[in-house]
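Have a look at the structure below before the remarks.
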Amino acid sequence: GRYEIMKKYMPKVGSLGLDMMFRTCTVQVNLDFSSEADMIRKFRAGLALQPIATALFANSPFTDGKPNGFVSMRRYMKVPMWSFPF
């Protein structure tokens, strides 16, 4: 199914593609908006709050039982592939 396809694809997105696939998870938030301006305001608020959520829940300093040098390895894995230019 989906994971077999992703296992073949993820190594193509970077050296941490499979790590990102198997060692991370996320919470999805769906927000209603009444206008484009309202959507932009909510999107920007979400972007501003994301580092705070990462800091509050940073708890992945080990990879394969060894220190990895990060407080949040999950955040490090996602930045190179999914960062926004703004």
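Determine which single condition GLY14 fails, assuming it passes every other condition in (1) open to solvent by less than 60 Å² (accessible area, probe 1.4 Å); (2) touching a residue at least 24 places away in the same chain (Cβ under 8 Å); (3) within 12 Å of the chain's Cα centre (by Cα). GLY14 satisfies every listed condition except (3).
Which of the residues belonging to region 8-62 are of a type in the set (D, E, K, R) and in contact with a Leu (Cβ under 7 Å, 6 or more places away or on another chain)? Result: LYS42, single match. Looking across region 38-86, the residues that are in a helix (DSSP H, G or I), at pLDDT 85 or above and of a type in the set (D, E, K, R) come down to ASP38, ARG41, LYS42, ARG44.
Once region 23-37 is narrowed to residues that are surrounded by 10 or more Cβ atoms within 10 Å (Cβ to Cβ) and modelled with pLDDT of 90 or more, the residue that is nearest to the chain's Cα centre (by Cα) is LEU31.
The values are calculated or read from the model by the stated rules, or taken from the named source; none is laboratory data. It should be emphasised that the depicted structure is a prediction, and the values quoted were computed from it without experimental measurement. Using ideal geometry, Cβ is built from the backbone for each residue, glycine included, and neighbour counts are taken over all protein chains shown. In case anyone asks, the SASA skips ligands and DNA or RNA and just uses the protein heavy atoms, side chains included. Shrake-Rupley method; radii C 1.70, N 1.55, O 1.52, S 1.80 Å.
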